[in-house]
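Asks: Let me begin by handing over the structure; questions about it come next.
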Amino acid sequence: MYSRGGKVWIGNNGFGLVFLEKDWQGNRLPNDLTEEAGVLGSEFELLTPFERAKLGGYFIEKSEVCFVAETGCFGFENNPALSIFLACEENNWLNQTSNEEEWLLQNEGNGFHCGRFHIEKFRSKSEFRFKFKTSEGKWLDPPDFIPCKEESIPGGCNFIFSKEREGRDILKFQIVDGTNPMPVERWLASVPENLGYSERTFRLFAPRAKEVSLKISTNDLSNQFLSFAMQKTESGVWEYFYNEEIHKAKYFYEVTHPHHDCPSRDFSKKVLDPYAKSCIGREGPGLITQGNTQISKVPFSPPSPSDLVIVEVHIRDLLKKAPIEISSEKRLEFRGLAEWLKSDQCYLRKLGANAVELQPIQQFDSRKKEEYHWGYMPVNFFSPSSDYASSPEKAETEFRMLVDAFHEAGIAVTLDVVYNHVGIPNHLLNIDREIYLATDDLGRLTNHSGCGNDLRCDSAPTRKLILDSLKHWITTYNVDGFRFDLGELLGFELLCEIQCELMKIMPKVVLIAEPWSFRGRLPREMNQTSFSLWSDRCRESLLKFSMGNGNKDEVIRLLQGKLDHENQFPWQSINYLESHDDFSFIDRLCSSSENSGISPSKDQIEQARLAIFILLISPGIPMISAGQDFLRSKQGIRNTYQHEEVNALDYDRLDTFQEFAKEVRSVIHFRLSDRGRFSRPTNPDDCEYEVIDLAQTNILTMIIKYNSSHEEFLFCCNPDNHEKELNLPPNWSRSDILFPLSSISQQPHSLKSWGYCLLARDIE
């Protein structure tokens, strides 16, 4: 929808429609909407109820909701014998438990089937999805012209019912002077293809710009840029065909807009092409290289979601103190990590995780190469950061080499991507503020990201930019998936569209979202998608439990893959204890004691050991932060943004806490083994769980059976600061002790404080 509340469509005959996000109570529309449509002064009329129903499937009249299916819209002749039913979330989509006759629409003749229901019947939801179904079992998807529909959810296309759309949300008008303005729907609802540069044609989508110039330099030794005026097409795209060689060319655009506060003046801004595949730093210019044609040849397929074990990494955190002989320059770059990955002694290879989540590597807004940056302030969505390359023109090639190195090591690559806001300079704002940036009712940039410039993710041009860039990372670099920062700001609809489009080109793409923002959380309907969501509930539950004051029932649900009741499948939860944000886990354990995370006590180490063990054997997708396996400390600092020395991994701790690190690696190896399948079920009914009450205070005891295995497993833990006697259940006295490794040769008769054990036995 348009940022001020709607979308305008204009036909060739001067007739138009306005689609609003909710009912409009006034007599005239906002000026900014009508001005862009070129219809200021036109008379607007509400659609009749049946006209509204033809465009939305329903209308609301007083206390009734009338659902209308026009057979002609669905390709049917008016057949008196044809029965049509309303199918929706309220009747479980007419499953076997529903009374179909209750939801039958009456044939009104003239091709209309109508069903009237009291609005109280739908009071449980302010918004829900619906469609129509014939007595022959045929689903009637909304026609193409329907504006109030959802096209990219799993299972098809549905109408959307909203109580904020009672019938005053669609208006019709006729242009007063009979002129035929540009059909603005073409740039409010759809965007031309082939933006950026293609062969020798440069294209920038800036429909409201007054002028656009291409600034280009084909001499890599010169900073002299030639200027060429671009021509505007009817679709709002500015174009220029450059008839000379463009390999190694540098370019940017200069966009001129009218000055709104002073009509007699214009203002111009230098902008980086939002579709630039390579660039020099945050300002640009964009680069044209041959790197775009070099496709990875390393065969790789990411693990299934339930088999993933993810480690979150930052390139420079890994490399700064890495025990490898490389130059100081390489410790800043993709190629340094690619070189290290070739060694069997590489930390990531020894850890055993089969996927990495790379903190943002899209071009971000650092001022110079040496500046340490987390990457969460992007300025371009297509180009790998030139700060991570030996030279800007090699960024594409060197990042591709890094992805290949990960794949050769058997490690999938997911990118942490930021599409909720942008960094400085804000090139998108200088191209078109209304299209790309979200604003409030007063026209101010919204700040639900905490960065003051939320992207307008309901805008078609923004959605296309995001989708095009994601496809680019898959097809050009062979990355395996994405983690979406502050995914709530992208919204459910866009995330569904992302899933739909990416799975067309990569069916096994890994999709992860941070489910919150400062505005709220993603809806429960995310459990109908292939997305996995970060679980802060897992983090907080295990923290409290390992410190002796947690909820045992929550940990039981975690071990059963049911901590989040809204998930359909265990793998829809990303379980973690720490990430780049906030304290490290060991620092949180030490926060109320005299010991810091740098030098934790024996008890605090055992608490961390218990928590990470539960994390790694629980259903879902476990994610650990790089260095967590050797008790990485951030020196008690909560926000280590741009704290390079604090964030750099101290590999000396691998020696200091070698037993801890060894056990973490062993548990990861076990989890990914055939024997460890019980810890990674795909479906909720793959395993059976039995909580055993052994009358032992605080000890948690659970029997776990993977239904396709001849073994069952017994997990016991003691989240207490006192040793507790462990009386094993019957038939477990001759079982195998799998963990802890230190007790492999003796039967456990007691559990030390914060101790645990995992046993296995054959099923008789």
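Asks: Given the conditions (1) touching a Pro at 6+ places or on another chain (Cβ under 8 Å); (2) among the small types (Gly, Ala, Ser); (3) under 30 Å from Asp629 (Cβ atoms); (4) assigned to a helix (DSSP H, G or I), which single one is not true for Gly375?
Replies: Looking at each condition in turn, Gly375 falls short on (4).
Asks: Given the criteria outside any strand (DSSP E or B), in contact (Cβ under 8 Å) with a residue 12 or more places away in the chain, more than 30 Å from Glu371 (Cα to Cα) and not small (Gly, Ala, Ser), does Glu283 qualify? Break it down into steps so the answer makes sense when it comes.
Replies: Details: outside any strand (DSSP E or B): yes; in contact (Cβ under 8 Å) with a residue 12 or more places away in the chain: yes; more than 30 Å from Glu371 (Cα to Cα): no; not small (Gly, Ala, Ser): yes.
So Glu283 does not fit the description; no.
Asks: Looking at the range 505-528, is at least one residue within 30 Å of Ile692 (Cβ to Cβ), charged (D, E, K, R) and not assigned by TED's automatic domain parsing to the domain that holds Leu700?
Replies: no
Asks: Under 7 Å by Cβ, and 6 or more places apart or on different chains, what pairs join a residue from the range 321-346 that is crowded, with 19+ Cβ neighbours inside 10 Å with one that is among the β-branched types (Val, Ile, Thr) and part of a loop (DSSP other than H, G, I, E, B)?
Replies: Partner pairs satisfying both residue conditions: Gly336/Ile326; Glu339/Ile326; Trp340/Ile324.
Asks: Check every one of the strands (runs of 3 or more DSSP E) wholly within the range 173-223 and list those with 1 or more residues that are among the basic types (Lys, Arg) and modelled with pLDDT of 55 or more. Break it down into steps so the answer makes sense when it comes.
Replies: On the way: elements: 196-198, 201-205, 211-217.
Passing ranges, in order: 201-205, 211-217.
Asks: Write out, first by first residue and then by second, each pair whose Cβ atoms fall under 6 Å of each other, whose residues are 6+ apart or on separate chains, and whose first residue, in the range 504-515, is crowded, with 17+ Cβ neighbours inside 10 Å while the second is part of a strand (DSSP E or B) and of a type in the set (S, T, N, Q).
Replies: Listed by first residue and then by second, the contacts come to Val510/Thr414; Ile512/Ser532.
Asks: While we're here: Would you point out the residue of the range 384-421, among those that are assigned to a helix (DSSP H, G or I) and among the aromatic types (Phe, Trp, Tyr), that is farthest from Leu511 (Cα to Cα)? Give the derivation first.
Replies: Taking the range 384-421 as the starting set, the residues that turn out to be assigned to a helix (DSSP H, G or I) are 386-388, 392-408.
Imposing the further condition that a residue be among the aromatic types (Phe, Trp, Tyr) reduces the set to 388, 399, 406.
Working: Tyr388: 25, Phe399: 21, Phe406: 18 Å.
Looking at the filtered set, the residue picked out is Tyr388.
Asks: Suppose we keep only residues that are surrounded by fewer than 20 Cβ atoms within 10 Å (Cβ to Cβ) and of a type in the set (D, E, K, R) within the range 664-676. Which one would you say is nearest to the chain's Cα centre (by Cα)?
Replies: Out of the qualifying residues, it is Arg665.
Asks: In the range 215-253, which residue that is under 34 Å from the mean Cα position of the chain (by Cα) and buried (at least 19 other Cβ atoms within 10 Å of the Cβ) is farthest from Asp432 (Cα to Cα)?
Replies: Of everything passing the filter in the range 215-253, Ala249 is farthest from Asp432 (Cα to Cα).
Asks: Has the range 477-486 got at least one residue that is acidic (Asp, Glu) and over 30 Å from Glu606 (Cα atoms)? Steps first, please.
Replies: Residues of the range 477-486 acidic (Asp, Glu): 480, 485.
Then keep just the ones that are over 30 Å from Glu606 (Cα atoms); that gives 480, 485.
Looking through the range 477-486, at least one residue is acidic (Asp, Glu) and over 30 Å from Glu606 (Cα atoms).
Asks: Hydrophobic (A, V, I, L, M, F, W, C) and either touching a Gly at 6+ places or on another chain (Cβ under 9 Å) or free of Cβ contacts under 8 Å to residues at least 60 places away in the same chain (or both): does that describe Val479?
Replies: Values: hydrophobic (A, V, I, L, M, F, W, C): yes; either touching a Gly at 6+ places or on another chain (Cβ under 9 Å) or free of Cβ contacts under 8 Å to residues at least 60 places away in the same chain (or both): no.
Against the criterion (hydrophobic (A, V, I, L, M, F, W, C) and either touching a Gly at 6+ places or on another chain (Cβ under 9 Å) or free of Cβ contacts under 8 Å to residues at least 60 places away in the same chain (or both)), Val479 does not qualify.
Asks: For the range 724-735, give me each residue that is surrounded by fewer than 13 Cβ atoms within 10 Å (Cβ to Cβ) and either among the aromatic types (Phe, Trp, Tyr) or touching a strand residue (DSSP E or B) at 6+ places or on another chain (Cβ under 8 Å) (or both).
Replies: Glu725, Asn731, Arg734, listed by residue number.
Asks: When Pro523 is evaluated against the numbered criteria (1) in contact with a helix residue (DSSP H, G or I) (Cβ under 9 Å, 6 or more places away or on another chain); (2) under 19 Å from Asp307 (Cα atoms); (3) free of Cβ contacts under 8 Å to residues at least 60 places away in the same chain, which criterion, by number, is the only one it fails?
Replies: Single failed check for Pro523: (2).
Asks: Condition first: aromatic (Phe, Trp, Tyr), surrounded by fewer than 20 Cβ atoms within 10 Å (Cβ to Cβ) and within 20 Å of Glu150 (Cβ to Cβ). Now tell me which residues in the range 49-102 satisfy that.
Replies: We begin by selecting, within the range 49-102, every residue aromatic (Phe, Trp, Tyr); these are 50, 58-59, 67, 74, 76, 85, 93.
Pick out the ones that are also surrounded by fewer than 20 Cβ atoms within 10 Å (Cβ to Cβ) and you get 50, 74, 76, 93.
Matches in the range 49-102: Phe74, Trp93.
Asks: Check off (1) of a type in the set (Lys, Arg); (2) modelled with pLDDT of 95 or more; (3) outside the structural domain of Asp650 (by TED's automatic domain parsing) for Lys321 and give me the number that stays unchecked.
Replies: (3)
Asks: Hey, another quick one. Any chance you could count how many residues in the range 692-723 are hydroxyl-bearing (Ser, Thr, Tyr), touching a strand residue (DSSP E or B) at 6+ places or on another chain (Cβ under 8 Å) and under 16 Å from Ile763 (Cβ atoms)?
Replies: The initial filter retains those residues of the range 692-723 that are hydroxyl-bearing (Ser, Thr, Tyr), namely 697, 701, 706, 708-709.
Remaining after also requiring touching a strand residue (DSSP E or B) at 6+ places or on another chain (Cβ under 8 Å): 697, 701, 706.
Filter again for under 16 Å from Ile763 (Cβ atoms), leaving 706.
Selection size over the range 692-723: 1.
Asks: Can you find a residue in the range 439-460 that is under 19 Å from the mean Cα position of the chain (by Cα) and either under 22 Å from Val298 (Cα atoms) or β-branched (Val, Ile, Thr) (or both)?
Replies: Filtering the range 439-460 down to residues under 19 Å from the mean Cα position of the chain (by Cα) leaves 447-451, 453-460.
Still in the list and also either under 22 Å from Val298 (Cα atoms) or β-branched (Val, Ile, Thr) (or both): none.
Checked against the condition, which is being under 19 Å from the mean Cα position of the chain (by Cα) and either under 22 Å from Val298 (Cα atoms) or β-branched (Val, Ile, Thr) (or both), the range 439-460 yields no hits at all.
Asks: Of the residues in the range 326-348, how many are within 15 Å of Val403 (Cα to Cα) and in a loop (DSSP other than H, G, I, E, B)? Don't jump to the end; show me each part of the working.
Replies: Of all residues in the range 326-348, those within 15 Å of Val403 (Cα to Cα) come to 333-342, 348.
Now narrow it down to the ones that are in a loop (DSSP other than H, G, I, E, B): 333, 342.
Adding up the residues that qualify gives 2.
The values are calculated or read from the model by the stated rules, or taken from the named source; none is laboratory data. This structure is a prediction, so every number in the text was calculated from the model and none was measured. Backbone-built Cβ (ideal geometry, glycine too); neighbour counts: all protein chains shown.
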